[in-house]
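Read through the structure below, which is laid out as structure tokens, and then see the notes.
Derivation of every value follows stated rules applied to the coordinates shown; laboratory data play no part. This one's a predicted model, so the numbers in the text were calculated from it and none came from an experiment. Glycine gets a Cβ as well: all are built from the backbone with ideal geometry, and neighbour counts include every protein chain shown.
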Amino acid sequence: MFHSADAKEIRAGMVTDAYFPRTLAVLEALKLDKRVKAEFIAKGLPNGWPWGVLAGIEECAELLSGIKVSVRCMKEGTVFGAYQPVMEIAGNYRDFGRYETSLLGFLCQASGVATKAARCKMAAGNRPVISFGGRRVHPAVAPVVERSAFIGGCDGVALLKSAQLVGVEASGTMPHALILLVGDTLKATRAFHEVLGRRVKTISLVDTFQDEKFEAVRVAESLGGALYGVRIDTPASRRGNFLRILEEVRWELDLRGFRRVRLYVSGGLDEEDILRLNPLVDGYGIGTAVSGARVIDFSMDIVEVDGKPLAKRGKNSGAKRVVRCRKCHADRVIPFARKAGRCACGGSCEDLLLPLMDKGRLRAKLPSARRIRGSVLKALKHYTLTA
């Protein structure tokens with residue numbers, strides 16, 4: 001059998017830490033069921049990142065559907081900072097306490113992936129970034145990971161299921177397997193073009209057998225205008241100075257009149273590599289850097305019990321508002337009852353925590369992955385990779 005939980009098991013509270021059902025058993029024995037407000041917050045972000053991209057809200061809403069709770073949260077795709085509540089659940093603890101583990105799982109991994117994808121996309125600028133990381137995670141969660149990568153800014157996803165989920169056509173070129181089975185890079189590229197060229201751009205993988213620049217020239221001279229680009233996925237053991245390899249390929253193609261042939265690269269790349277290779281590269285396939293991104297370490301903490309502010313040590317008690325200046329994009333966290341006023345710069349402020357659910361029912365239809373991605377790319381214009 002597959003070692004993954006299905007939707008029924010998640011809803012039944014099987015994917016939870018043991019102490020939650022034990023806590024609920026004690027509360028039931030005590031006939032104690034208090035109304036609480038619990039917030040989800042990250043006290044820090046991985047690798048010193050100055051911001052994160054929120055993801056996983058749609059699955060949280062699905063899990064809480066039908067449960068008598070009200071939810072305020074940031075919109076999926078919102079850029080947030082440390083110590084900013086991204087979601088608040090109000091309701092009787094015994095109604096939703098068993099789902100803390102699953103809710104955190106939805107938010108932590110998805111937001112980590114979306115944030116790393118946003119950083120890679122920001123580094124690449126206008127160059128396309130395709131998620132190639134589906135093969136680096138369990139297939140049961142691969143579509144979740146690639147959806148998060150897409151809303152974070154990736155221009156495409158490789159997996160069929162992921163593409164269906166976000167409403168785009170799956171992206172990809174050709175694998176080394178095709179070239180190995182055909183026995184020659186040029187013959188494999190010709191066959192690929194003849195079979196698929198009318199609906200898929202012909203991008204030849206030129207690092208299987210021979211030197212990358214000679215294979216690139218050979219394929220370009222043979223296919224002419226039918227060749228859209230070449231992909232270089234040279235393994236690390238043979239890579240040496242990758243930038244220099246790309247410089248040679250670009251030089252030889254340009255010298256022979258193939259300036260329009262694009263260069264795509266993949267294979268263990270991260271945002272630092274993207275920044276270094278940008279002068280020569282037209283597009284990136286990013287795998288483990290995104291799919292294996294560090295999770296954002298959210299926690300769920302009770303901040304109010306029966307209408308009274310109450311939180312554990314190290315937490316600010318009481319319901320809160322997160323407000324953002326429309327002019328300078330500065331954020332503030334303030335008590336829920338306090339008016340936001342105007343920003344120090346004079347700009348007006350907007351609330352980031354908005355009503356999502358009322359008594360287990362959605363207040364409005366959730367946006368599509370494409371729409372979320374568009375809002376993320378628009379918001380990223382106000383941020384930089386470093387603080």
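Exposure proxy for Met122, Met1, Met87: other Cβ atoms within 10 Å of each Cβ, ordered fewest to most, give Met1, Met122, Met87. About the centre of its Cα atoms, the range 221-355 shows a dipole size close to 800 debye [charges on the beta carbon of Lys, Arg (+1) and Asp, Glu (-1) only; nearest 20 debye]. Legend: calculated FRET efficiency, Leu310 to Glu62, from the Cβ-Cβ distance at R0 = 25 Å, rounded to 0.05, equals 0.30. Axis angle, to the nearest 10 degrees, between helix 100-124 and the longest C-alpha principal axis of the chain: 40 degrees. If you plug the beta carbon distance of Val15 and Thr386 into 1/(1 + (r/R0)^6) with R0 = 45 Å, you get a FRET efficiency near 0.80.
Using a cut-off of 23 Å between Cα atoms, the listed pairs Lys161/Lys213; Lys37/Lys68; Lys161/Lys378; Lys34/Lys75 include Lys161/Lys213; Lys161/Lys378; Lys34/Lys75 as exceeding that distance. Taken about its Cα centre, the range 308-387 carries a charge dipole of roughly 200 debye when the Cβ of each Lys and Arg holds +1 and the Cβ of each Asp and Glu holds -1.
What the Cβ-Cβ distance of Phe2 and Arg135 gives, at R0 = 22 Å and to the nearest 0.05, is a FRET efficiency of 0.85.
Annotation: extensible slack from Val26 through Lys75 equals 14.1 nm (criterion: 0.36 nm per residue apart, minus Cα-Cα distance).
Positive-end ranking of Gly66, Leu45, Phe20 along the dipole of the range 19-66, with charges on Cβ about the Cα centre, is headed by Phe20. Mean residue ellipticity, 222 nm, helices only, the chain: the sum of -39500 (n - 2.57) across DSSP H runs of n ≥ 4, divided by residue count and rounded to 500, is -10500 deg cm²/dmol. The computed percent of Cα pairs over 38 Å apart for the structure shown corresponds, within (1) 11; (2) 30; (3) 18, to (2). When only the Cβ of Lys, Arg, Asp and Glu is charged (+1, +1, -1, -1), the dipole of the chain relative to its Cα centre reaches about 1460 debye. Once the Cα atoms are used to define both axes, helix 369-379 deviates from the longest principal axis of the chain by about 90 degrees. The mean sequence distance of close C-alpha pairs (under 8 Å, at least 6 residues apart), as a share of the length of the range 268-368, puts its relative contact order at 15 percent. Counting 0.36 nm for each residue step from Leu366 to Asn241 and taking away their Cα separation leaves a gain of 40.4 nm.
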